[in-house]
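The values are calculated or read from the model by the stated rules, or taken from the named source; none is laboratory data. Predicted model, so just to flag it, every value in this text is computed and none were measured. Glycine gets a Cβ as well: all are built from the backbone with ideal geometry, and neighbour counts include every protein chain shown.
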Amino acid sequence: MSLSFRRLGEEDLPEIQTWEHLCFPSEEWTDKMIQTHLEFHVAFAIGDQTTQCYALVCETPWEIEIFRIATLPNYRKLGLAKQLLEKLFSEFPKKEFFLEVKESNLPAIKLYESVGFMELERRKNYYPDGSTAVLMKRNPIE
Ligand SMILES: CC(C)(COP(=O)(O)OP(=O)(O)OC[C@H]1O[C@@H](n2cnc3c(N)ncnc32)[C@H](O)[C@@H]1OP(=O)(O)O)[C@@H](O)C(=O)NCCC(=O)NCCS
């Protein structure tokens, strides 16, 4: 399968809304949140004919924070999120990567560990539903 990697822009807003709805039911970002994200931050997608996996990312001069990464439900467990993360590491080779994930989200934690993220700490009652966040970091290779 030949995958294309691309940076998303404001023209992709309607599609991102659809993906959010499919991938984060009841926790999807609002239109306004996505729009603001695209205005100030960056987003990337990977897929063959169409997008199958996407990430909403915040870039600062020092680091990258991954706010969201998701694979559309029909394309999971095919290595797509792992490939998208590897593309992001190539895009920002000198930067540290950070993220937070619910401690109950074991598929995501396994994914992050599989590409070199390590747990930094846990924060109780971090999310609106009271669940604990795991903070993770990946160092640049160089
Ligand atoms: C988490 C998520 C992004 C993984 O996407 P994916 O494309 O299916 O992941 P990959 O196929 O690239 O998997 C890479 C590795 O992650 C781990 N992994 C992925 N899904 C897993 C699952 N359901 N159970 C256990 N481990 C899993 C495995 O280690 C896997 O490597 P392996 O297949 O060699 O064992 C996807 O399940 C998803 O979109 N979930 C809903 C949104 C979400 O929770 N996003 C993360 C928080 S923002």
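Cβ-Cβ contacts under 8 Å between residues 6 or more apart (or on different chains), taken from a first residue in segment 1-13 that is surrounded by fewer than 14 Cβ atoms within 10 Å (Cβ to Cβ) to a second residue that is polar (S, T, N, Q) and modelled with pLDDT of 95 or more, are listed as E10/Q35.
Taking the conditions exactly as written (over 23 Å from F117 (Cα atoms), within 12 Å of the chain's Cα centre (by Cα) and either among the basic types (K, R) or surrounded by 17 or more Cβ atoms within 10 Å (Cβ to Cβ) (or both)), does E20 satisfy them or not? Outline the logic, then answer.
Details: over 23 Å from F117 (Cα atoms): yes; within 12 Å of the chain's Cα centre (by Cα): yes; either among the basic types (K, R) or surrounded by 17 or more Cβ atoms within 10 Å (Cβ to Cβ) (or both): yes.
Spelling it out, E20 is indeed over 23 Å from F117 (Cα atoms), within 12 Å of the chain's Cα centre (by Cα) and either among the basic types (K, R) or surrounded by 17 or more Cβ atoms within 10 Å (Cβ to Cβ) (or both).
Filtering segment 101-114 to residues that are buried (at least 16 other Cβ atoms within 10 Å of the Cβ) and of a type outside the set (G, A, S) leaves V101, K102, E103, I109, L111, Y112.
Only residues that are within 13 Å of the ligand (Cβ to nearest atom) and either in contact with a Ser or Thr (Cβ under 7 Å, 6 or more places away or on another chain) or within 16 Å of F97 (Cα to Cα) (or both) were counted in segment 48-57, giving 5. Residue check: F67 meets all listed conditions (1) hydrophobic (A, V, I, L, M, F, W, C); (2) at pLDDT below 95; (3) under 11 Å from the mean Cα position of the chain (by Cα) but one, namely (2). Residue count for segment 68-105 satisfying the condition of being near the ligand (Cβ under 7 Å from one of its atoms) and not in a helix (DSSP H, G or I): 10. Evaluating Q52 against the criteria (1) outside any strand (DSSP E or B); (2) more than 12 Å from the chain's Cα centre (by Cα); (3) farther than 25 Å from N139 by Cβ leaves one unmet condition, (1). Taking segment 30-49 as the range and being under 13 Å from the mean Cα position of the chain (by Cα) and of a type in the set (F, W, Y) as the test, only F44 passes.
Scanning segment 12-29 for residues that are within 23 Å of T60 (Cα to Cα) and either in a strand (DSSP E or B) or more than 14 Å from the ligand (Cβ to nearest atom) (or both) returns D12, L13. Between K77, K82, the distinction of being surrounded by fewer than 20 Cβ atoms within 10 Å (Cβ to Cβ), closer than 23 Å to S4 by Cβ and in contact with a Ser or Thr (Cβ under 8 Å, 6 or more places away or on another chain) belongs to K82 only.
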